[in-house]
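Each remark here refers to the structure printed beneath this line.
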Amino acid sequence: MMKMTHIKKILKCLLVFASLVAFFFCSGCSTAKKKDIYERTPADLLAEGQEKLDRAEFKSATTLLQAIKDRYPYSKESIIAELKLADSLFKRKEYDSALENYNEFERLHPKDKDIPYILYQKGMCHFNQIKSMDREQTQVTLARDEFEGLVKRFPDNEYSLKAREKIRQCLVYQAEYELYVGIFYFRTKRYLPALNRFTSLIEKYPDTGQYREALEYIARCKVKLAEADK
């Protein structure tokens, strides 16, 4: 019995020792890896960061590109890394962080050749966060503003062509929302607010698919309001 107890104590000690060794080994690896990143040239970091982007390893790409910004902020690679870092965050669907980085790039490099692309991506950061039509239209409005700003500044750019398609989709979303709210008011017998919504829809969004339905509801609202007057 004493012998078994002694063996258990030895095994327990060995397990504790093994755990400590593993902990220090992993810590050492992490430190070495971080040290390795910050000792490499910006060109090497950029090349590997691009490779990670191409392989859709966006988290690793973010780490490498961020290292260039932190370690070599005045290098020629830094400007490229700034843009690619924003792209990697966008690919990870971290749209708020991506938007922050796109804004920073635009602020630091307002005359860069990639500004049309930056403006388009800023719009997409909002566009990709659009939920269903029964929610607040904040992201739709922000996306539309970005796309319209791009078209106004660079009307003939290739990204302006894409932006015009997105503007059309934003208009449809906004029209759907107006129709949704108008129908809600109509069903709850608030005919005057409903009439105002439907009227606003046909005035602001005449070329969307909701136009005909809005006209039908306008006629129904007027009937209900006339009945109420009698």
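Annotation for segment 116-170: trypsin sites (Lys or Arg not before Pro) lying in DSSP loop with at most 15 further Cβ atoms inside 10 Å of their Cβ are Lys131, Arg135.
Here the spin labels are modelled as points 7 Å beyond Cα on the Cα-Cβ line, and at Arg153 and Asp207 they lie 2.4 nm apart. Think of each Lys and Arg Cβ as +1 and each Asp and Glu Cβ as -1; about the Cα centre, that makes the dipole of segment 42-93 roughly 240 debye.
Cβ-to-Cβ counts within 10 Å put Lys59, Lys91 in ascending order as Lys59, Lys91, the fewest first. Measuring r between the beta carbons of Glu216 and Arg164 and using R0 = 22 Å, the FRET efficiency lands at 0.15. Take the Cβ atoms of Asp70 and Gln129, set R0 to 35 Å, and the FRET efficiency comes out at 0.80. Over segment 42-93, all Cα pairs binned in 5 Å intervals from 0 give whole-percent P(r) values of 5, 28, 38, 20, 8, 2, listed from short to long.
Taking every C-alpha pair closer than 8 Å and separated by at least 6 residues, the mean separation divided by the residue count of segment 42-93 gives a relative contact order of 40 percent.
Sorted fewest first by neighbouring Cβ atoms within 10 angstrom, Ser160, Ser88 come out as Ser160, Ser88. A straight line joining the Cα centroids of segment 38-105 and segment 212-230 runs 57 Å.
Here, each number is a calculation from the coordinates, and none is a lab measurement. None of the values given here were measured: they were computed from a predicted structure. Here the Cβ is made from the backbone with ideal geometry for all residues, glycine too, and neighbour counts use every protein chain on show.
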